[in-house]
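The values are calculated or read from the model by the stated rules, or taken from the named source; none is laboratory data. It should be emphasised that the depicted structure is a prediction, and the values quoted were computed from it without experimental measurement. Please note: Cβ atoms are built from the backbone with ideal geometry, for glycine as well, and neighbour counts cover all protein chains shown.
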Amino acid sequence: MAQVTTVALKKMKASGEPITMLTAYDFPFAQMVDEAGVDIVLVGDSLGMVVLGYDSTLPVTQGDMLRHTAAVARGVERAMVVADMPFMTYQISPEQALENAGQLVKEAGAQAVKLEGGDPVLGTIRKIVDAGIPVMGHLGLTPQSIHQLGGYRVQGREKKAAERLKGEACALESAGCFSIVLEAIPSWLAKEVTESVSVPTIGIGAGPHCDGQVLVLHDVLGIFQEFKPKFVKRYTNLREGAVRALKEFVKEVREGEFPTAEYSYE
């Protein structure tokens, strides 16, 4: 079972083989995602919302990412593990960014890092890539900038914004990104970006023309149900089934049906 690498991903784009990416935040789910054959496991700062209960990704810390990335890395054998760099761990200076990216790789076991933005982070990306750490870019709806963007809104609909996004995608490639996440942009724009860069694009709410697709695991499995973006497809409803099982446990304990002799030591 060959390890997924940046070289392998670029070959997949060239051959037209779709790339799959899902998030994971702990050891058992990382094992399941890897066993399912997913190519990239993203330890996303989305953990702030779907695991830690925050209302955005902004409160997530470097410590949070180190802990969860290490757990995921221990559960993965084939997929590439990419760790999100949380808010304010790469914005202050390229030196700060390199130190934090290095921690995620050296201490937590990530094979690459992801950071958000275009032109303002190009120097930072070059610094990290020059140190030998692969970087995944992220354009479109960038959740760490929700206050600046005015909320979770589709990006790139206007001609000027679309042209800027296409230019930034090419700049990210030139800076050394091995792939680019495109989030919440029109399908036609994602198609144009995908055709204009030689590195893989991974879409989330960006239509079918990207080189790959990513979703948040807790959305796919129906665990997180506080809200559901248009682009999310729930493939099952684990929350409903889990609550049903837990209610059964409560009922059996209260009615004296559990534990029976089968579950007791004599």
Quick count over segment 151-166, residues being farther than 14 Å from L141 by Cβ and either surrounded by fewer than 14 Cβ atoms within 10 Å (Cβ to Cβ) or not assigned by TED's automatic domain parsing to the domain that holds L122 (or both), is 4
Restricting segment 221-266 to residues that are charged (D, E, K, R) and at pLDDT below 95, the one nearest to D55 (Cα to Cα) turns out to be E226
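From the list V81, V7, V43, which residue is without any contact (Cβ under 8 Å) to a residue 24 or more places away in the chain, aliphatic (A, V, I, L, M) and under 20 Å from G109 (Cα atoms)? Write out each step before concluding.
Details: V81 fails: without any contact (Cβ under 8 Å) to a residue 24 or more places away in the chain; V43 fails: without any contact (Cβ under 8 Å) to a residue 24 or more places away in the chain.
Testing whether each residue is without any contact (Cβ under 8 Å) to a residue 24 or more places away in the chain, aliphatic (A, V, I, L, M) and under 20 Å from G109 (Cα atoms) leaves just V7.
Condition first: of a type in the set (S, T, N, Q) and over 23 Å from R153 (Cβ atoms). Now tell me which residues in segment 195-233 satisfy that. Even if it seems obvious, please write down each step before you answer.
Initially, segment 195-233 is screened for residues of a type in the set (S, T, N, Q), giving 196, 198, 201, 213, 225.
Listed by number, the residues that qualify are S196, S198.
Surrounded by fewer than 24 Cβ atoms within 10 Å (Cβ to Cβ), in contact with a Ser or Thr (Cβ under 9 Å, 6 or more places away or on another chain), at pLDDT 95 or above and within 17 Å of P134 (Cα to Cα) - does that describe any residue in segment 52-75? Reasoning before the result, please.
Taking segment 52-75 first, the residues surrounded by fewer than 24 Cβ atoms within 10 Å (Cβ to Cβ) are 52-59, 61-64, 66-67, 70-71, 73-75.
Add one more test, that the residue is in contact with a Ser or Thr (Cβ under 9 Å, 6 or more places away or on another chain), and what stays is 57, 61-62.
Add one more test, that the residue is at pLDDT 95 or above, and what stays is 57, 61-62.
Going one step further and asking which of them are within 17 Å of P134 (Cα to Cα), we end up with none.
So far as segment 52-75 goes, no, none of its residues is surrounded by fewer than 24 Cβ atoms within 10 Å (Cβ to Cβ), in contact with a Ser or Thr (Cβ under 9 Å, 6 or more places away or on another chain), at pLDDT 95 or above and within 17 Å of P134 (Cα to Cα).
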Within segment 132-154, residues within 30 Å of K10 (Cβ to Cβ) and of a type outside the set (A, V, I, L, M, F, W, C) come out as G132, P134, G137, H138, G140, T142, P143, Q144, S145
Within segment 1-12, the residues that are surrounded by fewer than 20 Cβ atoms within 10 Å (Cβ to Cβ) and either touching a strand residue (DSSP E or B) at 6+ places or on another chain (Cβ under 9 Å) or part of a loop (DSSP other than H, G, I, E, B) (or both) are M1, A2, Q3, T5, T6, A8, K10, M12
| said: Could you go through segment 118-135 and let me know if any residue there is out of contact with any Gly (no Cβ under 8 Å at 6 or more places or on another chain) and at positive phi. | reply: yes
Expected output for segment 89-110 (first residue hydrophobic (A, V, I, L, M, F, W, C), partner part of a loop (DSSP other than H, G, I, E, B), Cβ below 6 Å, 6+ apart or cross-chain) is A97/Y90; L98/A131; A101/I133; L104/A110; V105/I133
